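What follows is one structure encoded as structure tokens, with my remarks underneath.
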Ligand SMILES: [Zn+2]
């Protein structure tokens, strides 16, 4: 008999945290794969985001924020090791490390919570594995010498599948048992590390970068800020006297966030063109 302590009935705060971290890995995975093919530059915003901002500016300065960016995973190479032209080796290392960690984690979760394939009897009374149960798409399929198993569906599916086990999601086929506390600890730790690895490789791990170009409104020093899991922003060092049409942060600095970054980007781009023409 198991106790409620071993198998909590509702997802715990740790389970929700693991789910958050897995979602952050999934949501930034396309950016990481994109970054592999781009030379890293010490600029802000990070290069793949600049491409996005340029795109938004070109799209008549759409008000949409980054939530609406189409996932790019679909047209990216399935196997990151065979990336045609890795230019950012830190991003490649991070992707390989995170992929290996989450695939291995899914294997261990499956070993502990996934029911083995049922057997059925054929006409002569022999026990055979039930092909329908074996092929249940909700199963995590292990890698075999002849097949990549569920790894074929990529990191995205692995992260979704692990999150489903963590949150004890609907289990129509009776495939899974609840996750033991010790395994949940491992999942939460691995998910947190994976998220940090992705965010570090993308320069979103809470760093501040001084921009080379001055504030287009007041000439002050601009600084780009990233923080883990949060939206990036840019601040102007001048304070409330800066005439830029954005709110100030708690320290009185003009701050651009989300769609406002597009306005800043357009203004910086215009200033750059004026300098180039002069
Ligand atoms: Zn300013």
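Here are the numbers for this structure:
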| read-out | value |
| --- | --- |
| Anisotropy class of the stretch 172-233 from Cα gyration tensor, a/c 1.5 cut | prolate |
| Relative exposure of 178, 150, judged by other C-beta atoms within 10 Å (fewest first) | 178, 150 |
| Length added when fully stretched, residue 117-residue 210, from 0.36 nm per residue minus Cα-Cα | 27.8 nm |
| Burial ordering of 99, 277, 169, fewest other beta-carbon atoms within 10 Å first | 277, 169, 99 |
| Peptides 205-214, 187-196, 109-118 ordered by average Cβ neighbours within 10 Å, highest first | 187-196, 109-118, 205-214 |
| Percent RCO, i.e. relative contact order, over the stretch 163-278, from Cα pairs under 8 Å lying at least 6 residues apart | 15 |
| Residues 92, 261, 87 arranged by fewest to most Cβ contacts within 10 Å | 87, 92, 261 |
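Any read-out appearing in this document is the output of simple, stated calculations on the displayed coordinates, not a laboratory observation. Model, not experiment: these values are computed from the prediction. Note that each Cβ is placed from the backbone with ideal geometry, even for glycine, and that neighbours are counted across all protein chains shown.
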